[in-house]
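Notes follow the structure.
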Amino acid sequence: MRILFVASEGLPFSKTGGLADVVEALSKALVVQGHEVAVVLPRYRGTKATAVVMPSLTIPMGGTRLRFPAIADGTQLNGVRYYFVDDPEYFDRDGLYGGSSGDYPDNGERYTEFCRAAIEVTKHVWPADVIHCHDWQTALVPVLLRTSYRDDPLVRDIPVVFTIHNMGYHGQFTKDVLDRAGIPQGVFHTGGIEFFGKVNLLKGGLVYSDYLTTVSRKYAEEIQTPENGHGLDGVARGRADRLVGILNGVDYAAWNPEKDKLIAARYSSKDLSGKQVCKQELLELFGLSHDHLERPLIGIVSRFADQKGFDLIAEKAHEMMREDLVLVVLGTGERKYEDLFRSLAAAYPGRVGVKIAYDNALAHKVEAGADMFLMPSRYEPSGLNQMYSLKYGTVPIVRATGGLDDSIEPFDVEHGTGTGFKFKEYTGEALLFAIRQALHHYMDERIWKHIQLNGMAKDFSWKTPAAEYAKLYEAARVPRGLSSQAQSSGKAAPGAGQAGRGAGQTPQATGQGARNQKPVRTSN
Ligand code: ADP
Ligand code: GLC
């Protein structure tokens, strides 16, 4: 099968979060399973291209305006072909989605152009059997294919699988973006991309794609509830028969302590001694004393966003620091969390080390050098770091939500089973309880090693999830209108027939649950 990924970030070219890891690793895993895969990304600042594939595409924006991005060749890596949409005015900027003063105000135009250009890539350069889109930045691909391109014999029948990596980021814009970006007015209705008078691009992806996936089974359930649907739970429920949860995997070529060149010493489950060398280096890098070598070291590597649950740490920081532990934190993002961790480092010099930075090598060193890895997320679609931690013998302490719940089993001392520590209630008390449980078991070296080895033995490689995606692509290729699932459910999902794509026919895309809508950012 020929699968075209369309994504706003992907390693090794661009990254702000786990999406980039997934785009690289899943495409590579699909190639290993015998598929042909190409990835279309924006050409951001620093992205190196080797050749020009198309020097100038004609992309209609609003009114009479046209733009002329080029398509650049990113060569083949791990068997995956890369193409970049090259429009320096839009993409050659400091950040991917915004800068210090917030999201770029023209993100609507930038990603509309990107989606149109991606469709042109499959039309002229790389014909695809299926298109796999990721998050709101790519949601206009299915919307445009089923509207503007509906008479185009070359692309109109290409099925689209759309993955929700994060329901909290909608790509919401005021209505005038329709004119500014040249988005068809006909899709602006409550069964299309309208969301309380605004344009909501994620909603377009949910409504117009043939299949929807999200990045864990648990999160696929959670996004159908008002608590975690971010106002789009009604739309998710309306498409429940086309929504599948597939837990992300780990790229063990990059995240494996036996081979990792970024850490101080290699180690394995057979010989963990290198881990202590890594801990020593980590203490040094964070300016903490070697005296702490025998103390439990908790690591955090994260985007600093409300999603990640750091308000719980803020609430219980001082009680937490009354325990005999050392904390190292690597992250960037919202100012209030940067300030929180800076102030903790100031209050507990020598015991709390903080780096406000994005640093991949250091992220590896934290995974290797820490004893425990803390992810108290408010919500977590999949989460990758907890699975990286397992491989590094670093015991995760997580909140039981989304992919954290699906990937971490609580340690059961009686049966010797389990890989980490979990808490359910979103409270500081519950967090403290889980931390104390972990600290308690850390005191018994034999038990602790047992937990470490349980985690290291887990296999979260991409093999199984990639095969599940491939199965879904096959299902999506069933000519629309003939899908057995759509027939047996008796529901005409928007992807289930050409007619269902038209204005007004999309079911249940009503934005129910909006009263529970949480504030959303427009970029990830
Ligand atoms: P999210 O995508 O919500 O940020 P994930 O757990 O899926 O969460 O993925 C986060 C990815 O970003 C991981 O690969 C993690 O190591 C990386 N990461 C996050 N913050 C940093 C940072 N400050 N420096 C280096 N890597 C980071
Ligand atoms: C999102 C989610 C994270 C997930 C990642 C990759 O950013 O927050 O949980 O692992 O996407 O799917």
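The values are calculated or read from the model by the stated rules, or taken from the named source; none is laboratory data. No experiment lies behind these values; they were computed from the predicted model shown. Because the Cβ atoms are built from the backbone with ideal geometry, glycine has one as well, and the counts that use them run over all protein chains shown. Just so you know, the surface numbers come from the protein's heavy atoms only, side chains and all, with ligands and any DNA or RNA stripped out. Shrake-Rupley method; radii C 1.70, N 1.55, O 1.52, S 1.80 Å.
See the values below:
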quantity: From Gly511, Gly481, Gly455, residue being within 26 Å of Asn166 (Cβ to Cβ) and modelled with pLDDT of 50 or more; calculated: Gly455
quantity: Scope region 1-54; condition farther than 12 Å from Tyr82 by Cβ, in a loop (DSSP other than H, G, I, E, B) and within 16 Å of ligand 2 (Cβ to nearest atom); matching residues; calculated: Ser8, Glu9, Lys15, Thr16, Gly17
quantity: Inter-residue pairs, beta-carbon under 8 Å, first open to solvent by 10 Å² or more (accessible area, probe 1.4 Å) and in region 121-144, second aliphatic (A, V, I, L, M) and part of a loop (DSSP other than H, G, I, E, B), 6+ apart; calculated: Lys123/Leu154; Lys123/Val155; Pro127/Leu154; Ala128/Ile158; Asp129/Met1; Asp129/Ile158
quantity: Region 360-387, residues that are closer than 15 Å to Val277 by Cα and either touching a Phe, Trp or Tyr at 6+ places or on another chain (Cβ under 7 Å) or of a type in the set (Val, Ile, Thr) (or both); calculated: Val366, Glu367, Ala368, Asp371
quantity: Residues of region 212-228 satisfying the condition of being more than 16 Å from ligand 1 (Cβ to nearest atom) and crowded, with 24+ Cβ neighbours inside 10 Å; calculated: Leu212
quantity: Test: residue in region 233-244 that is open to solvent by 10 Å² or more (accessible area, probe 1.4 Å), in a loop (DSSP other than H, G, I, E, B) and without any contact (Cβ under 8 Å) to a residue 24 or more places away in the chain; calculated: no
quantity: Candidate set: region 80-117, residues that are assigned to a helix (DSSP H, G or I) and farther than 23 Å from Pro142 by Cβ; chosen: the one most open to solvent (accessible area, probe 1.4 Å); calculated: Glu89
quantity: Lys203 out of contact with any Gly (no Cβ under 9 Å at 6 or more places or on another chain) and at negative phi; calculated: no
quantity: Every pair of residues 6+ apart whose Cβ atoms lie under 6 Å, when the first sits in region 358-375 and is assigned by TED's automatic domain parsing to the domain that holds Cys278 and β-branched (Val, Ile, Thr) while the second is within 16 Å of ligand 2 (Cβ to nearest atom) and open to solvent by 10 Å² or more (accessible area, probe 1.4 Å); calculated: Val366/Val301
quantity: Helices (runs of 4 or more DSSP H) completely within region 329-391 that count 1 or more residues being under 20 Å from the mean Cα position of the chain (by Cα), within 16 Å of ligand 2 (Cβ to nearest atom) and within 21 Å of Lys218 (Cα to Cα); calculated: 385-391
quantity: Scan of region 268-320 for residues that are open to solvent by 20 Å² or more (accessible area, probe 1.4 Å), in a helix (DSSP H, G or I) and within 30 Å of Ile223 (Cβ to Cβ), ordered by number; calculated: Asp306, Lys308, Asp311, Ala314, Glu315, Lys316
quantity: Neighbours by Cβ (under 9 Å, 6+ apart or cross-chain): first from region 79-104, over 16 Å from Ser14 (Cα atoms); second assigned to a helix (DSSP H, G or I); calculated: Gly79/Ser27; Gly79/Lys28; Gly79/Val31; Gly79/Val32; Tyr104/Tyr90; Tyr104/Arg110
quantity: Gly205 being crowded, with 19+ Cβ neighbours inside 10 Å, assigned by TED's automatic domain parsing to the domain that holds Leu144 and either under 21 Å from the mean Cα position of the chain (by Cα) or in a helix (DSSP H, G or I) (or both); calculated: yes
quantity: Failed item, numbered, when His415 is tested on (1) open to solvent by 70 Å² or more (accessible area, probe 1.4 Å); (2) under 22 Å from Val326 (Cα atoms); calculated: (2)
quantity: Test: Thr401 is more than 16 Å from ligand 2 (Cβ to nearest atom), of a type in the set (Val, Ile, Thr) and touching a residue at least 12 places away in the same chain (Cβ under 8 Å); calculated: no
quantity: Cβ pairs under 9 Å, 6+ apart, first in region 448-476 and in contact (Cβ under 8 Å) with a residue 24 or more places away in the chain and within 17 Å of Asn248 (Cα to Cα), second crowded, with 17+ Cβ neighbours inside 10 Å and among the acidic types (Asp, Glu); calculated: Ser461/Asp251; Trp462/Asp251; Tyr473/Asp129
quantity: Any chance Ser407 is open to solvent by less than 20 Å² (accessible area, probe 1.4 Å), over 25 Å from Ser268 (Cβ atoms) and among the polar types (S, T, N, Q); calculated: no
quantity: Residue that is farthest from Thr122 (Cα to Cα), among those in region 21-56 that are surrounded by fewer than 21 Cβ atoms within 10 Å (Cβ to Cβ) and aliphatic (A, V, I, L, M); calculated: Val32
quantity: Residue match in region 407-420 (condition: within 23 Å of Leu293 (Cβ to Cβ) and either within 16 Å of ligand 1 (Cβ to nearest atom) or in contact with a strand residue (DSSP E or B) (Cβ under 6 Å, 6 or more places away or on another chain) (or both)); calculated: yes
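Each row is one residue, and each column tells you yes or no for (1) more than 16 Å from ligand 1 (Cβ to nearest atom); (2) of a type in the set (A, V, I, L, M); (3) at pLDDT 95 or above.
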{"residue": "Phe13", "(1), (2), (3)": "no, no, yes"}
{"residue": "Lys28", "(1), (2), (3)": "no, no, yes"}
{"residue": "Gln33", "(1), (2), (3)": "yes, no, yes"}
{"residue": "Ala38", "(1), (2), (3)": "yes, yes, yes"}
{"residue": "Arg43", "(1), (2), (3)": "yes, no, yes"}
{"residue": "Thr47", "(1), (2), (3)": "yes, no, yes"}
{"residue": "Pro55", "(1), (2), (3)": "yes, no, yes"}
{"residue": "Pro60", "(1), (2), (3)": "yes, no, yes"}
{"residue": "Phe68", "(1), (2), (3)": "yes, no, yes"}
